[in-house]
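Take a look at the structure below.
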Amino acid sequence: MSAFSWFPDGVFGASPEAHRFNADCYGYALSVLWEPTLYPACESDSETYRLLVLPTFTCPVAIRVFCNGTSTTALAKRGSGRGGYDPGELAEEVTSLLADAEWMKIQSLITKSGFWSLASTDRTWSGGDGTTCVLEGSRDGRYHVVDRWQPREGPFRDLCSLLLRIGRPLIERLHYDPLR
């Protein structure tokens, strides 16, 4: 599958080149981590959010949480490489059931951050080395993606931090917090 098909056309920039660069980079990292596509969104009772964290010099991480109406699951994966260069290969995967309180907190931060109406990209704050956070959501036949470099404060950062805490079994083994 082409990395270009992981995301809607043009979502990562006005120019085809800008979109292709990010779509290929993020799609490649997701494929290395054996993650499924979330786009296009399914017409079903399920709801899914996935945070892809790409730190320049340390391991890439993907945390996916999904609710199928009867249960909520969290899945965290870590690559063996470096997020800003080559993500390597799938090095570690942890799956667990998510407590109702955690799912409700995610829902609260989705609402508080305005996730579904945030611009997909924001290039007013970017840099070279650092951490890129790509958050995707799929629910009720809708799909949305938000790409931010070094989210520093506010509800969107809080949402990313919560998802990273849910993936804590991997983060503890990595001995770092990629959003610090």
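Mean projection of the Cα convex hull over all viewing directions, computed for the stretch 30-125: 7.3 nm².
Its DSSP H runs of at least 4 residues, each contributing -39,500 (n - 2.57), put the calculated 222 nm mean residue ellipticity of the chain at -8500 deg cm²/dmol, to the nearest 500. Most tightly packed first, judged by the mean number of other beta-carbon atoms within 10 Å of their residues, the peptides 56-66, 75-85 read 56-66, 75-85. Proximity of backbone amide H atoms, modeled 1.01 Å from N, is registered between Gln150 and Thr131, Thr132, Cys133 at under 5 Å, excluding neighbours fewer than 5 places apart on the same chain. In this simple spin-label approximation, Asp129 and Thr56 carry label points 7 Å from Cα along the Cα→Cβ vector, and these lie 0.5 nm apart. In order along the stretch 91-96, the Karplus-derived 3J(HN,Hα) couplings, from 6.51 cos²θ - 1.76 cosθ + 1.60 at θ = phi - 60°, round to 9, 7, 9, 10, 10, 8 Hz, and Gly and Pro are given as x. Placing dummy labels 7 Å off each Cα toward the beta-carbon, the span from Arg142 to Thr70 is 2.7 nm.
Coordinate-derived values only; no laboratory data. All values reported here derive from a predicted model rather than from experimental measurement. Every residue, glycine among them, receives a Cβ derived from its backbone with ideal geometry; neighbour counts consider all protein chains shown.
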